[in-house]
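Report on one structure; see the data block that follows.
The values are calculated or read from the model by the stated rules, or taken from the named source; none is laboratory data. Values in this document were obtained by computation on a predicted structure and should not be read as measured data. Every residue, glycine as well, gets a Cβ built from its backbone with ideal geometry; the counts of neighbours run over all protein chains shown.
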Amino acid sequence: MPKTKKEGNFSISFPIDIHYFSEVIDAIQKETGAGGGAYNLKVKADVHTVAKTDLGTVDEVYSQTLEGKLEGNTLTFGKEPSQSQSGSIGGTNVASSSRRDSLKVPAFAGLIVALVALGFLSWNQARLKPAGINAVEVEAARARKKYKQVMVDIEELPEVKPNETVITVGSLDDLVRIADDLVKPVLHRGEERRHIYCTVDGLVRYQYVNRAEDSAESKTAS
């Protein structure tokens, strides 16, 4: 999930594609010959909370993990996490003729973290839904399923050599056809608002880049 900034009360949904996880598990089992009946799934949220008040600023970072178990087509989550931290900010007491009331600061951070934890429970058992996900990410998920036999996800693409030729192709389908002819894998790196696919053959690099603005233009054209 990309970094998200919200103000006020909010919740965030995390769609989960169980069928995609099952396909990945099947592929691992075919490669390694090992497998089991149940698999652990962990969803981690890092929440940086900043709450400005008349008496000062609350600035805290919370990290929480929601754990679940995937068995077949059933995903069971464990205990819902919740976290809060009490504290106070020094201020001025206001006196009256009968009593003195102290100013109190609410625990904003704990409330926001609880709301985020509730958002974890929104998941999709059938397939990724476009709601809340941009078109580039949806297309990348579909491509990963369609070309899982030839596509390899990597953290960093190989650096372009000084004498290397980079050829840009018009679509991912064209790149996959070239990779099949060369008997080479398609390397994939996902970045914010774009996905890069390439096949390297000696000093020639065939490359396709899918950007968010490209998807918007194609929708307008259609």
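Key figures for this structure:
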read-out: Answer residue from the range 25-52, given it is of a type in the set (A, V, I, L, M) and more than 17 Å from the chain's Cα centre (by Cα) and is farthest from residue 72 (Cα to Cα) among those; value: 51
read-out: Helices (runs of 4 or more DSSP H) enclosed by the range 88-184 - at least 1 residues per element that are at pLDDT below 90 and touching a Ser or Thr at 6+ places or on another chain (Cβ under 8 Å); value: 108-119, 135-146
read-out: Looking only at the range 179-203, and only at residues there that are among the aliphatic types (A, V, I, L, M) and more than 21 Å from residue 162 (Cβ to Cβ), the one that is surrounded by the fewest Cβ atoms within 10 Å (Cβ to Cβ); value: 183
